[in-house]
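Q: Have a look at this one before I ask anything.
What follows draws every value from the coordinates through simple rules; no lab data is involved. These figures come from a predicted structure and were not determined experimentally. Backbone-built Cβ (ideal geometry, glycine too); neighbour counts: all protein chains shown.
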Amino acid sequence: MTIRAVTGLLVILSLLVATSAGAAEFKLKLPPGLQEQAAFIPETNPPTPEKIALGKQFFWDKRWSKSGTVACVSCHQPDHGWTDPQTFSTNFEGKPTPRRAPTIVNRLFSDRQLWTGLRASLEDQAKNDGNRSDDTVVAHLGAVPAYQAQHRQVFGRDLDADGVAQAIASYVRTILSGNAPYDRFKAGDKSGMSASAQRGLALFEGKAGCVRCHAGFNFTDEGYRNIGVGMDQDKPDLGRFIVTKNEADRGTFKTPTLREVAKRSPYMHDGSEKTLADVVAFYNKGGVKNPSLSSDVRPLGLTTPEQADLVEFMKALSGEIDAEVGRPPALPK
Ligand code: HEC
Ligand code: HEC
């Protein structure tokens, strides 16, 4: 084990220590490679260990949904990169979701949520998810004495829909991936990443231009772009345009983080690319032509070995997520 890897372990351990310590001194600790100053936490919802623990239970509890058949974890599964192995998830009515569930790792660094940025924050997302309603959340979760007790301790009032959403959002902010081979390489461990992945990094930042959108330590600038996915359909999903009605947003979708990307196929908002090699081939041909295509998407002229190197690089973005964060909690009766 390298010195860097040991350091990574220590940082994650201190998250566990912080979690069991008192609320007063609580501070999120990040795995190596992530930047604390980029974190987005609303002042109205400071995290505490008790709040995060409560949110984690709600995340797993199917009583959260109107029908009692789905929970957050049904569609955002820890062992599939926090997405769903099904291209489209099954919602509370047993119907497929219109878009693919995106990953929810490293949402700490994002204010607006959803492929279209419809929701202003994680709190807004959790409060307005279509699988639940305020009434059913209060009726189902509020009927559980242990939830009432925890909610009163955390928020000082009986369980309500805002408290449930705030607790869930606080938990989602702890789903953090860092200390990937890429991070160890960046920190100076030249053996941290394979030679192929290193060539892939150079292409990512250079000839392939991926970094124009998948920028920074979290491999996204959180911007909305039209790369053409689905734009050849009869009635294409117009993405962020539906929210803003700005012409410039026609067919744009949020640029996803590429951390943990190798674990969560299929890809894109419609699941239309099955593998990372398919994704690279999609970019290599210049996306899908349409009048609103981003000028940053154009045929790349990558050779077959270069395409393989890009895939190797993306695999080097799978890192460490604190095992405790993804371990199913015991749910109260
Ligand atoms: C039935 C499946 C399903 C359930 C249940 C579900 N989600 Fe999602 N989630 C989705 C889909 C699909 C999207 C994308 C929707 C869109 O963009 O139009 C999404 C988007 C998100 C996003 C946006 C991520 C980003 O990068 O923009 C977050 C955060 C999220 N969900 C968290 C949660 C939480 C927390 C819960 C429980 C409170 C939850 N989800 C329940 C399917 C689900
Ligand atoms: C113009 C901005 C832009 C550029 C350049 C770009 N991407 Fe993307 N990328 C996006 C957007 C936006 C999406 C989501 C599109 C959708 O689902 O409709 C995306 C999606 C992806 C996904 C799927 C992730 C997931 O969770 O489904 C991968 C993988 C990916 N890009 C890799 C790359 C690689 C590799 C390159 C360089 C060859 C690249 N991107 C260049 C904006 C960009």
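Q: Going 7 Å from the Cα of Ile41 toward and past its Cβ, which residues in segment 90-119 have a backbone nitrogen under 12 Å from where you end up?
A: 108-109, by backbone N distance to the label point.
Q: As a footprinting exposure proxy, order Asp124, Asp234, Asp296 by other Cβ within 10 Å, with the fewest listed first. Numbers along the way, then the final one.
A: Details: Asp124 18, Asp234 4, Asp296 14.
Ascending number of Cβ neighbours within 10 Å: Asp234, Asp296, Asp124.
Q: Evaluate the charge dipole of segment 259-327 about its Cα centre and quote only its size in Debye, nearest 20, assuming +1 on the Cβ of each Lys and Arg and -1 on the Cβ of each Asp and Glu.
A: Magnitude of the dipole: close to 260 debye.
Q: Another question, if that's okay. So if R0 is 22 Å, what FRET efficiency would Asp296 and Lys186 give, r being the distance between their Cβ atoms, rounded to the nearest 0.05?
A: It comes to 0.40.
Q: Sorted from fewest to most neighbouring beta carbons within 10 Å, what does the list Thr48, Thr304, Thr275, Thr252 look like? The partial results should precede the final answer.
A: Working: Thr48 18, Thr304 10, Thr275 13, Thr252 24.
Final ranking by Cβ density, sparse to dense: Thr304, Thr275, Thr48, Thr252.
Q: Under the rule of -39500 (n - 2.57) per DSSP H run of 4 or more residues, summed and divided by the residues of the chain, what mean residue ellipticity at 222 nm is obtained, to the nearest 500 deg cm²/dmol?
A: Working: 13 runs with 118 residues, N = 333.
It lands at -10000 deg cm²/dmol.
Q: Same structure, new question: Specify the longest stretch of the chain that does not include any exposed loop site, a site being one of the GluC sites (Glu not before Pro) with a non-H, G, I, E, B DSSP assignment and at most 14 other Cβ atoms within 10 Å.
A: Values: sites that count: Glu25, Glu43, Glu93.
By the stated rule (loop sites, at most 14 other Cβ atoms within 10 Å), 94-333.
Q: Next question, about the same structure. How would you classify segment 146-246 from its alpha-carbon gyration tensor, with a ≥ b ≥ c the square roots of the eigenvalues: rounded for a/c under 1.5, else prolate if a/b is greater than b/c, otherwise oblate?
A: Working: a/c = 3.84, a/b = 1.38, b/c = 2.77.
Because a/c hits 1.5 or more and a/b fails to exceed b/c, segment 146-246 counts as oblate.
Q: Can you pull the percent of Cα pairs in segment 213-255 with separation above 16 Å? Before the final figure, lay out the partial values.
A: Values: 353 of 903 pairs.
Beyond 16 Å sits 39 percent of the P(r) for segment 213-255.
Q: Shifting gears a bit: How would you rank Trp115, Trp82, going from fewest to most other Cβ atoms within 10 Å of each one's own Cβ?
A: Numbers: Trp115 20, Trp82 27.
Ranking Trp115, Trp82 by Cβ neighbours within 10 Å, fewest first, gives Trp115, Trp82.
Q: In addition: Would you look at the GNM of the chain, springs on alpha carbons closer than 10 Å, and say which of Leu30, Leu238, Leu122 moves the most?
A: Largest GNM mean-square fluctuation: Leu238.
Q: Using only the alpha carbons, work out the radius of gyration and Dmax of segment 233-333 in angstrom.
A: Just the Cα atoms of segment 233-333 yield Rg and Dmax of 17.5, 58 Å.
Q: Now, a different point. How many angstrom lie between the C-alpha centres of segment 197-255 and segment 265-325?
A: Cα centres, segment 197-255 to segment 265-325: 11 Å.
Q: In the chain, what % of DSSP beta bridges are antiparallel (nearest 5)? Working shown, then result.
A: Values: 7 of 8 bridges.
Bridges in the chain that DSSP calls antiparallel: roughly 90 percent.
Q: Sticking with this structure for a sec: Output the 0 to 90 degree angle, nearest 10, between the alpha-carbon long axis of helix 161-172 and the longest principal axis computed from the alpha carbons of the chain.
A: Result, in degrees: 50.
Q: Same structure again: Using only the Cα atoms of segment 4-172, what are the Rg and Dmax in Å?
A: 16.3, 49
Q: With each pseudo-label sitting 7 Å past Cα toward Cβ, what's the Glu205-Ala143 distance in nm, one decimal?
A: 5.6
Q: While we're looking at this one, here's another question. If I fit a long axis through the Cα atoms of helix 49-60 and take the longest principal axis of the Cα atoms of the chain, what angle between them do I get, 0 to 90°, rounded to 10?
A: With both axes taken from Cα atoms, the answer is about 70 degrees.
Q: Between Asn218, Asn246, Asn106, which gets the highest mean-square fluctuation from a Gaussian network model of the chain, Cα cutoff 10 Å?
A: Most flexible of the set in this elastic network: Asn246.
Q: Let me ask something additional. Quick check: net charge around Arg119, other residues with Cβ under 10 Å of its Cβ, Lys/Arg +1 and Asp/Glu -1?
A: -2
Q: With a ≥ b ≥ c the root eigenvalues of the C-alpha gyration tensor of the chain, is it rounded (a/c under 1.5), prolate (a/b larger than b/c) or oblate?
A: Numbers: a/c = 2.15, a/b = 1.31, b/c = 1.63.
It comes out oblate by the Cα gyration axes.
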